[in-house]
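To keep things clear, I will list the structure first and then write my remarks on it.
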Amino acid sequence: MRLPFRRRTGLQPGYRELLERLPVAVYVSSLDRTSHAVYVSPAIVDLLGYPLEQWRETPDLFERAVHPDDRERVLAAVAESKRSGSGYQEEYRMLRADGSVVWVDDTAATVADANGRPSYWQGFLVDVSDRKEAERRYRVLVEQLPLITYIDSPHTAAEPPLYLSPQIETILGWRPDEWLRTPGFFLDHVHPDDRDRVAQAHERARQTGEPLHHEYRFQARDGRTVWLEDMLTIVHDDSGEPWYSQGFAVDVTARKEAEADRERLLQRLQRQNERLRELDRLKDEFIALVSHELRTPLTSIRGYLELLGDGDAPPDEQSSFLQVIERNAERLQRLVEDLLLAAQADADSLHLAIEDIDLAKLAVDCAEASAPTASARGISLACTVVATPTVRGDEGRLGQVVDNLLSNALKFTPPGGGVHVRVSESAGAAVVEVADSGMGIPEGEQAELFGRFFRTKRAQREAVAGVGLGLSIAKALVEAHGGRIDFTSAEGEGTTFRVHLPLAASAAAEPLSGAA
């Protein structure tokens, strides 16, 4: 194609010879809508297969040669560049003369004459089919992998990604186009608890150029929390400047959940081991306590029996010896009964003789029975009956509950203090309260108070008598009656235990609910 190059373009003819040696197709065209060719270098024949004469004879050949799927986009970009005088660069497909498709990189600009007026359109086409094919193969490969592949700006994580593989929709529910058109989408959907850490890690990687490998939580479209393992690399150009960042993210939610399950299991096993060690310690302590509680009265009984056996003591002393022996025998009997009752509670085989019980009278009787002990210890003991409720239950077992609570209150109340028993009705239940002004229970020990063989550290330190069965037995007996027991306590201010029992009229109803 030999057009009057210099006359039409204002360029030196020698420049054409240089252009025609380049391995790219150089073109010069008019500024009209059809982009009529003024000049096309011979490389266009190798690139597209159309002879040079056809470019001269066919004004709309360029439009026809652009692939139909890209034509509207490309012609609009060309028209806008010609109108505004801005630079132009596009990649698109063109149809060769034989019908095959070739990818081109098209770069052009408007050239002005000596007076600054737009004169013609000049650019060049480069065959990028090999690169586009490589990109296609790479895309096919990465879009088959069970992970999210992405290409980002090397400058900030707030910019939309340059590329995002479609697996994002399968893994997180978000479509790639939603990410690509929304600045800040990534950080906005990182879990709030991880967001600052992730933003700082990305910023540090972009500043240092070092690879980034971290895990974080991401909020999926359906509200799920997905754990991602993310590996990012900063890619540099030939001059060492950051070019782009690329990486991939793998859904590791199943692994993280398995790790969390394993951690919970290990913690549970640790707690169980600690509990077993505690039970082993309690067993040793229990054996020591029971041995002591058994040995002390037995030693006393044996001693007084030896004195009686000597026959030298006068009758009044013998009577005193027998009283001591009787008290110690009763003490042994109570301990053995407590141990048997604890075993029955464990086996869920408690036997109750059910009858109508005047709870107020029972509480008064228990208080009167404890009065001598309170007097001997210098403790005031009062009993207040606000109502006379009737309950269905085993009088002996409920009496044992009140006795145990009174015994505890008297043990842990110093001389000069007071213990108060109150009986009332509340919310359809009979309530027995035993309040003391004693040492109180430390907050850290209150959760274990009803545990079998549990004794407070102060009780152990001060060698207060007992094996730690009273409260656990009281709880078991109250619950066997369909009731509940609770307490309030403050260290140094005293403790109040409350037993709630269903009234006789509602004894067949559901057991009373509430935290014990």
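The values are calculated or read from the model by the stated rules, or taken from the named source; none is laboratory data. Computed from a predicted structure; not experimentally measured. Glycine gets a Cβ as well: all are built from the backbone with ideal geometry, and neighbour counts include every protein chain shown. Accessible surface is based on the protein model in full, side chains and every heavy atom, while ligands, DNA and RNA are left aside. Shrake-Rupley method; radii C 1.70, N 1.55, O 1.52, S 1.80 Å.
Trp179 fails exactly one of the following numbered conditions: (1) out of contact with any Asp or Glu (no Cβ under 8 Å at 6 or more places or on another chain); (2) open to solvent by 20 Å² or more (accessible area, probe 1.4 Å). What is the number of that condition?
The one condition Trp179 does not meet is (2).
Among the residues that make up the stretch 203-218, is at least one of them open to solvent by 20 Å² or more (accessible area, probe 1.4 Å), out of contact with any Asp or Glu (no Cβ under 7 Å at 6 or more places or on another chain) and among the β-branched types (Val, Ile, Thr)?
yes
Specify which of the listed residues (Arg455, Arg484, Arg498, Arg422) is modelled with pLDDT under 85 and of a type in the set (Lys, Arg).
Going through Arg455, Arg484, Arg498, Arg422 in turn, just one is modelled with pLDDT under 85 and of a type in the set (Lys, Arg): Arg455.
Checking the structure you have, find out if any residue of the stretch 48-55 is surrounded by fewer than 18 Cβ atoms within 10 Å (Cβ to Cβ) and in contact with an Asp or Glu (Cβ under 7 Å, 6 or more places away or on another chain).
Yes, because at least one residue in the stretch 48-55 is surrounded by fewer than 18 Cβ atoms within 10 Å (Cβ to Cβ) and in contact with an Asp or Glu (Cβ under 7 Å, 6 or more places away or on another chain).
Do we find that Gly99 is under 21 Å from Arg131 (Cα atoms) and out of contact with any strand residue (DSSP E or B) (no Cβ under 8 Å at 6 or more places or on another chain) in this structure? Walk me through how you get there before you give the answer.
Numbers: under 21 Å from Arg131 (Cα atoms): yes; out of contact with any strand residue (DSSP E or B) (no Cβ under 8 Å at 6 or more places or on another chain): yes.
Criteria met by Gly99.
Identify all residues within the stretch 115-126 that are open to solvent by 50 Å² or more (accessible area, probe 1.4 Å) and either touching a Leu at 6+ places or on another chain (Cβ under 9 Å) or in contact (Cβ under 8 Å) with a residue 12 or more places away in the chain (or both); write none if there are none.
First, the residues of the stretch 115-126 that are open to solvent by 50 Å² or more (accessible area, probe 1.4 Å): 115-119, 122, 124.
Once the filter is applied, which keeps residues that are open to solvent by 50 Å² or more (accessible area, probe 1.4 Å) and either touching a Leu at 6+ places or on another chain (Cβ under 9 Å) or in contact (Cβ under 8 Å) with a residue 12 or more places away in the chain (or both), the stretch 115-126 yields Pro118, Ser119, Gln122, Phe124.
Results for (1) surrounded by 15 or more Cβ atoms within 10 Å (Cβ to Cβ); (2) modelled with pLDDT under 90, shown as yes or no for each residue.
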{"site": "Asp238", "(1), (2)": "no, yes"}
{"site": "Ala249", "(1), (2)": "yes, no"}
{"site": "Arg255", "(1), (2)": "no, no"}
{"site": "Ala258", "(1), (2)": "no, no"}
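Based on what the data block shows, is Val101 surrounded by 13 or more Cβ atoms within 10 Å (Cβ to Cβ) and of a type in the set (A, V, I, L, M, F, W, C)?
no
Filter the helices (runs of 4 or more DSSP H) completely within the stretch 151-219 down to those with at least 1 residues that are closer than 22 Å to Ala254 by Cα.
Working: elements: 167-172, 176-180, 185-189, 192-208.
By residue number, 167-172, 185-189, 192-208.
Test of understanding: among Glu90, Glu63, which residue is among the charged types (D, E, K, R) and in a strand (DSSP E or B)?
Numbers: Glu63 fails: in a strand (DSSP E or B).
Testing whether each residue is among the charged types (D, E, K, R) and in a strand (DSSP E or B) leaves just Glu90.
Based on this model, can you work out whether Lys475 counts as within 37 Å of the chain's Cα centre (by Cα), at pLDDT 85 or above, open to solvent by 20 Å² or more (accessible area, probe 1.4 Å) and of a type in the set (Lys, Arg)? So that I can check it myself, show each step before the final result.
Values: within 37 Å of the chain's Cα centre (by Cα): yes; at pLDDT 85 or above: yes; open to solvent by 20 Å² or more (accessible area, probe 1.4 Å): yes; of a type in the set (Lys, Arg): yes.
Here the answer is yes, as Lys475 does meet what is asked.
I'm told Gly309 meets every condition in (1) open to solvent by 60 Å² or more (accessible area, probe 1.4 Å); (2) assigned to a helix (DSSP H, G or I); (3) modelled with pLDDT under 70 except one. Can you identify the failing condition by its number?
The single condition Gly309 does not satisfy is (3).
Within the stretch 74-87, work out how many residues are part of a loop (DSSP other than H, G, I, E, B) and open to solvent by 60 Å² or more (accessible area, probe 1.4 Å). Walk me through it before giving the result.
Filtering the stretch 74-87 down to residues part of a loop (DSSP other than H, G, I, E, B) leaves 85-87.
With open to solvent by 60 Å² or more (accessible area, probe 1.4 Å) added as a condition, the list becomes 87.
The qualifying residues number 1.
Does Tyr50 qualify as being hydroxyl-bearing (Ser, Thr, Tyr), at pLDDT 90 or above and farther than 11 Å from Phe124 by Cα?
In short, yes.
How do the strands (runs of 3 or more DSSP E) wholly within the stretch 346-458 filter down when requiring 1 or more residues that are farther than 27 Å from Ala490 by Cβ: which remain? Full working, then the answer.
Numbers: elements: 355-358, 380-385, 390-393, 418-426, 429-436.
Passing ranges, in order: 355-358, 390-393.
Across the stretch 127-150, which residue is nearest to Trp227 (Cα to Cα) among those that are assigned to a strand (DSSP E or B) and open to solvent by less than 30 Å² (accessible area, probe 1.4 Å)? First the steps, then the outcome.
Narrowing the stretch 127-150 to residues assigned to a strand (DSSP E or B): 127, 148-150.
From what is left, the residues that are open to solvent by less than 30 Å² (accessible area, probe 1.4 Å) are 148-150.
Details: Ile148: 13, Thr149: 16, Tyr150: 17 Å.
Residue satisfying both the conditions and the ranking: Ile148.
Within the stretch 154-176, can one find any residue that is touching a Gly at 6+ places or on another chain (Cβ under 7 Å) and modelled with pLDDT under 85? Let's see the steps before the verdict.
So the first thing to find is which residues in the stretch 154-176 are touching a Gly at 6+ places or on another chain (Cβ under 7 Å), and the list is 158.
Those left that are additionally modelled with pLDDT under 85: 158.
Within the stretch 154-176, one or more residues are touching a Gly at 6+ places or on another chain (Cβ under 7 Å) and modelled with pLDDT under 85.
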